[in-house]
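Undergrad: Once you've had a glance at the structure underneath, I'll fire off some questions.
The values are calculated or read from the model by the stated rules, or taken from the named source; none is laboratory data. As the structure is a prediction and not an experimental result, all values here were calculated from the model. Cβ sites come from the backbone with ideal geometry, for glycine too, and all protein chains shown count toward neighbours. Accessible surface areas use protein heavy atoms only, side chains included; no ligands, DNA or RNA. Shrake-Rupley method; radii C 1.70, N 1.55, O 1.52, S 1.80 Å.
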Amino acid sequence: MLGLVAASTLSLTLAACGQNDEGSGGDGGEESYNWKFVTEEVEGQVQYEYAQEFADRMDEKSDGQVNIEVYEFGGLGSETDQVEQLESGTVEMAVMSPGFTGNMVNEGQIFALHFLFPDSVEATQNILNESEALNTDLREKYEEHSITPLSFWTEGAMQWTSSSEISEPADFEGFKMRTQDSPLILESYEAYGADPTPMSWSELYTSLDRGTVEGQENPIFFIGDASFHEVQDYMTISNHNNYVAMTTVNTDWYNELPEEMQEMLDETTQEMQEWAFDEQDAQNEEWLETIKNDDENATEIIELDEEQRDAFREKAEPVRDFYREEVSTVDGEILDKLEQEIEEMGGEE
């Protein structure tokens, strides 16, 4: 995806309208805060609705003291523009996809590994909530670039759409596959024999329609809402990965917030984990039915069985060694810890 890809950048700009840094304001009244929150999706899609719900909750908790302006995709530039804006502090908050930070934070490419997380989206979300490898070790890597991930959350299982049938790895031979700009994502599709092509999702519909690329991956809700199924003949239910989004803030900005504002922000972030899971689940189920029943744009849906998925899994497995040896800056330590956590939390790979 954003492919959807996922995903997210949270941008907050602090504007002090009060009389002092503590926000008590004295005779001038309470201090107010005006923050920017950017997303990689548009109104109606999961990331945007997440950011708007986040803004509403912060407004209510602060009695109107915190005002968050939410920007849909394109409002402040491309996905990579938004990463740069968060890093520089031009925006304070963002929902961003690790796939668009892969050339900046090597370790973040871990989410591009196919068949790493459990088949269950719910089990995957539990790992994203609890993992020390992600919430401590990976967070520290992002903070070296002035970006602090406050949480990781799934937008649902990834599926393939294509102009020709994809049911076995051989179907990817020479296939022009749109991807995010991440070396590990490119390697993942090269392992299947595909010809991966990095591209912003803003160009994707036209490129699929014209045959510039032949397929893409995203959660079902994004495939449907972006109308990719209208220009693709097949959708393969592969569940080969999860689209993971991050709720992120500019590190310096966050660290300089008054303690009560940090606590309110952290509390809201944790509350939103359950909300985000329920929202993606509802949207993915609804859009699957919509695509199935769209007679005008008939899309053949292929559901891979376990034997078929195992064939892709076998091709994908060696990419983990590529991550350890060619991508990771810590010899794969974060991946090793994450794999152990997945096993301990009962998530089958």
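Undergrad: What's the percent breakdown of Cα-Cα distances in the range 188-232 across 5 Å bins, shortest bin first?
TA: Percent of Cα pairs in each bin: 5, 21, 33, 23, 15, 4.
Undergrad: What whole-number value in Å² describes the accessible area per residue of the chain for a 1.4 Å probe?
TA: Ligands and nucleic acids excluded, the figure is 40 Å² per residue.
Undergrad: Does the range 134-173 classify as rounded, prolate or oblate by the C-alpha gyration tensor (a ≥ b ≥ c root eigenvalues; a/c under 1.5 gives rounded; else a/b over b/c gives prolate, otherwise oblate)?
TA: prolate
Undergrad: Using the structure shown, select from Lys36/Lys141; Lys176/Lys337; Lys315/Lys337; Lys176/Lys315; Lys36/Lys337 the pairs with a Cα to Cα distance greater than 29 angstrom.
TA: Pairs exceeding the cut-off: Lys176/Lys337; Lys36/Lys337.
Undergrad: Something else: Please compute the length gained on full extension between Val42 and Glu343, using 0.36 nm multiplied by the number of residues separating them and subtracting their Cα-Cα distance.
TA: Result: 104.8 nm gained on full extension.
Undergrad: Related question: Could you tell me the calculated FRET efficiency between Asn255 and Asp321, based on Cβ-Cβ distance and R0 = 25 angstrom, to the nearest 0.05?
TA: 0.10
Undergrad: Now a separate question. With labels modelled as points extended 7 Å from the Cα through the Cβ direction, what inter-label distance (nm, one decimal) is found for Thr206 paired with Lys176?
TA: 1.5
Undergrad: How many nm separate the modelled label positions at Glu130 and Ser164, each set 7 Å beyond the Cα in the direction of the Cβ?
TA: 4.4
Undergrad: Using the crude model of +1 on Lys and Arg Cβ and -1 on Asp and Glu Cβ, and no other charge, please compute the dipole size for the chain relative to its Cα centre, in debye to 20.
TA: Approximately 940 debye in magnitude.
Undergrad: Continuing with the same structure: According to a simple spin-label model (label point 7 Å from Cα along Cα-to-Cβ), what is the distance in nm between Glu307 and Glu30?
TA: 6.4
Undergrad: A further question on this structure: Rounded to the nearest percent, how much of the accessible area of the chain (1.4 Å probe, protein heavy atoms only) is carbon and sulfur?
TA: Carbon and sulfur together cover 38 percent of it.
Undergrad: Using per-residue counts of other Cβ atoms within 10 Å, averaged over each peptide, order 326-339, 97-110, 297-310 from highest down.
TA: Per-residue mean Cβ counts within 10 Å order the peptides as 97-110, 326-339, 297-310.
Undergrad: By per-residue mean of other Cβ atoms within 10 Å, what is the highest-first order of 314-322, 149-157, 119-127?
TA: So the order, starting with the most tightly packed, is 149-157, 119-127, 314-322.
Undergrad: Asp119 to Ala298: extension gain in nm, 0.36 nm per residue of separation minus the Cα-Cα distance?
TA: 61.7 nm
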